[in-house]
Amino acid sequence: MMRRLCAKLVIALALVLAAGAPARAATVPPTRLVAVELLSETGSVRPGETFWIALRQQITPGWHTYWGVNPGDAGVPTRIEWALPAGFTAGEISWPYPSRIPAGIAMSYGYEAEVVLPIPVTVSQDVTPGTTIALRGQASWLVCEKICIPEEAPVALSLPVAADTPRPDPVGAPLIGAARRRLPVPSPWPASFSATPETVTLTVATRDLAPERVAEVWFYPAKWGAIEHAAPQRVSLTPKGITLEVKRGQLAEATAAPIDGVLIVTERLDGGVARQAFALRAEPRSSVSALALAHAMALALAGGLVLNLMPCVLPVLSVKTLTLVNHAGGRAVLRRHGLAYAFGVLASFAVVAGALLTLRAGGEQIGWGFQLQSPVVVTLLADVLFTVALSLSGVFVVSGRFAGAGQSLAGRAGYAGSFFTGALATVAATPCTAPFMGAAVGYAVTQPWPTALLVFEALALGLALPFLLLTLIPAWRRFLPRPGRWMERLQQALAFPLYASVAWLLWVVSQQAGSSGVAAAMAGLVLIGLAAWLYQVSREARPSWRRVATAAVAVLALGAVALGPVTSGGSSAQPTTRADGWEAFSTARLAELRAAGRPVFVNVTAAWCLTCLVNERVALRSPAVAEALARKSVATLKADWTKRDPAITRVLGSFGRNGVPLYLLYPGRAAGEPEVLPQILSEGAVIDALGKL
């Protein structure tokens, strides 16, 4: 997508520059790079019949025009705006199969030297034999070499109307006939494909294929995004079929539907070679590879386990710790609390995954942690964590019914508390991407929803498993401390990680919505603090005053929630060059730096991603890494995904990822592929990668 967008910027600039040019005369000027004319297959026409005409393009050597089905990574196909006589209709251009035209790291599909583009035209029933009709139109096209130039010219063709069968035109008939023979024919063979996060494998069930006679096979997709156009296509031939494996494209959703395209098979014959073009539709294989699914679920389970150690889950670990140490109530009660907590994690992950998959199916460019790209959600999460922290600090006490922490684990309310502790763990975990997790989530969002849900639930099980095992295995209870007065002090101490998390979330809001958003969020926290204090002091008041205080608490809480949407009204501008010396990422800037031969380090990050912030503090901002970057003259770009950005989402998807962080190190060679660094960085890992440049 980055390459495609960059090329489109060049094309758009060329079109803008050409927009002010005066209309061209019908005579082709000598400076035009493509000479065009209309040809006819017949020397005359008959009323009511359909015949073929064609637009002939004679292209300056070294330049090319584009295939209309899919121009490749960049390009605009030829178009004709017709001005036909009354009753005449012109069909769409029929596109002969194209050539591959590499351009650095990109690949275009188009035509060089000369191309004849056939067009069917139906004659009006009302024309009179003995008259002459004129077909006129305005042709436009983009012609490219190292630069791209939009051109246009009027085209016209006059033909007599005859009652007899038309004779072939001596010039047009052979050229149009040859062009029509290059049109793809419907494939007689069934085709299917399977996709992994890295590759797409196309299988064509041919009959009686002679592999020794096949010189080349190449697949031209009808739409951009399913496969990488410039990547090699690895072909395996057997008498029963063709298997073609190619690097997956940058649009993850492209493999969720059938892939249409043109398969070109070149055969060796005694007199040379012959090419056949087949228009085929490859259906996605309904069966999911058991091995690929098991691998993804194993990665997800491992990622969920590691997620318990991530800083973003620390506040919820504090609440879980209190639940474990206050374990009075017996083995069965403790087991039920573990199951309730696990069910809360699994159910919440199902809701988050369902929302993510539904929105992506609707065309939204979002990924893991998408809800935290909204300052409203970040503000509400800060409100929840602040409320939990106030409870742990003793500002108010809800006797064990909030977040699974309190004096008694017994009873129905306690189980509900454990369930919602699991839900809170899920919400707090979404800002983080643990090792193993990125590839698993990237695989999940490309699969049918039942498969995707299995992978997400494996991730949830990994998050819930440590706490669940502590409650299910009686022998492990001896490692838990005995209850005592120290628990009250521990409870108060554990509030401070939550306060720190609230401060961090306020900083995230400042990045998303500016100072006005932070002001609204802080006002909400003040209302929550007042509500918590009022709730506690009213517990000893008379019943009438207690009811008034409870109503006031409800109003204050609703007021805090109502301030959440206010944070979405502000904005925080992103400077082109950041204070830390990193440039703001754009596809155009990346292409410019790579074209200049500079190595580039791309940091795809977000302010709400604690893993990202730790990596930056530990590795990317260290003096040793800064010195290595300077020594290798590496340009540094930061792709900030704090707020929703479809372009950055597409970059993540192009590397099989669905969330941050992502670290890419591009070599100085313009055609080189980037190295993907680990999601948990160390200073040594970054320096070692830079040393390979």
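The values are calculated or read from the model by the stated rules, or taken from the named source; none is laboratory data. Source: prediction; values computed, not measured. Cβ coordinates were reconstructed from backbone atoms using ideal geometry, including for glycine residues, and neighbour counts include every protein chain displayed.
A few remarks follow.
- A count restricted to the stretch 231-254 and to residues that are at pLDDT 90 or above, surrounded by 16 or more Cβ atoms within 10 Å (Cβ to Cβ) and of a type in the set (D, E, K, R) stands at 2.
- The residues in the stretch 532-545 that are touching a Ser or Thr at 6+ places or on another chain (Cβ under 9 Å) and crowded, with 17+ Cβ neighbours inside 10 Å can be counted, and the count is 3.
- Criterion applied to Thr605, Thr576 was being modelled with pLDDT under 80 and touching a strand residue (DSSP E or B) at 6+ places or on another chain (Cβ under 9 Å), and the one residue passing it is Thr576.
- Selected residue (criterion: farthest from Glu583 (Cα to Cα)) from residues of the stretch 625-640 that are surrounded by 12 or more Cβ atoms within 10 Å (Cβ to Cβ) and among the small types (Gly, Ala, Ser): Ala628
- For the stretch 370-377, the criterion of a residue being under 23 Å from Ala254 (Cα atoms) and at pLDDT below 85 is satisfied by at least one position.
- Here is the figure for the stretch 37-91: residues that are more than 30 Å from Asp164 (Cβ to Cβ) and assigned to a strand (DSSP E or B) total 9.
Residue-by-condition table, conditions (1) within 40 Å of the chain's Cα centre (by Cα); (2) surrounded by fewer than 24 Cβ atoms within 10 Å (Cβ to Cβ); (3) modelled with pLDDT under 60; (4) not β-branched (Val, Ile, Thr):
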| residue | (1), (2), (3), (4) |
| --- | --- |
| Gly304 | yes, no, no, yes |
| Asn308 | yes, yes, no, yes |
| Val325 | no, yes, yes, no |
| Ala328 | no, yes, yes, yes |
| Ala332 | no, yes, no, yes |
| Gly338 | yes, yes, no, yes |
| Val345 | yes, no, no, no |
| Phe349 | yes, no, no, yes |
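- Subset of the stretch 72-87 (residues that are of a type in the set (Gly, Ala, Ser) and surrounded by 15 or more Cβ atoms within 10 Å (Cβ to Cβ)): Gly72, Ala74, Gly75
- Close pairs (6 angstrom Cβ cut-off, 6 or more residues apart or separate chains): of a type in the set (A, V, I, L, M) in the stretch 152-171, exposed (fewer than 13 other Cβ atoms within 10 Å of the Cβ) anywhere: Val161/Thr131
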